[in-house]
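Visitor: Just passing along the structure, written as structure tokens.
Coordinate-derived values only; no laboratory data. Quantities reported herein were computed from a predicted structural model and do not represent experimental measurements. When we count neighbours, we look across all protein chains shown, and the Cβ atoms used for this are built from the backbone with ideal geometry, even at glycine.
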Amino acid sequence: MVNISVIMPVLNGKAFIGQTLKTVLDQRFDSYEVIVVDDGSTDRTNELVGSYFVENRNTGIATKLIHQNNMGEVLPEIQIYIMQMANTLYSLMPMIL
């Protein structure tokens with residue numbers, strides 16, 4: 001049974017992803033899974049992650065690589081919406097309390 005999920009978003013992380021995965025997979029705790037979400041890297045990050053997972057498949061740690069197209073333009077719109085909602089709620093607090 002998996003008790004912890006380590007979710008690592010990455011975009012063009014070729015320079016550091018190997019050491020990051022090594023650090024995570026070297027943990028003594030063994031009831032976890034590692035999920036790497038590659039957000040459209042163009043520097044072979046997903047290939048490095050895939051080969052690293054294959055090399056370390058006998059560790060008993062569940063691993064998963066998700067590759068998706070970069071959706072960076074959506075995030076600012078969501079952040080603006082969240083900030084507007086937070087400001088609205090903050091302004092209503094005196095009336096609620």
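Visitor: Consider the range 55-70. How many of its residues are without any contact (Cβ under 8 Å) to a residue 12 or more places away in the chain and over 17 Å from TYR32 (Cα atoms)?
Guide: 1
Visitor: Within the range 29-42, can one find any residue that is β-branched (Val, Ile, Thr), in contact with a Lys or Arg (Cβ under 7 Å, 6 or more places away or on another chain) and closer than 22 Å to ASN69 by Cβ?
Guide: Checked against the condition, which is being β-branched (Val, Ile, Thr), in contact with a Lys or Arg (Cβ under 7 Å, 6 or more places away or on another chain) and closer than 22 Å to ASN69 by Cβ, the range 29-42 yields at least one hit.
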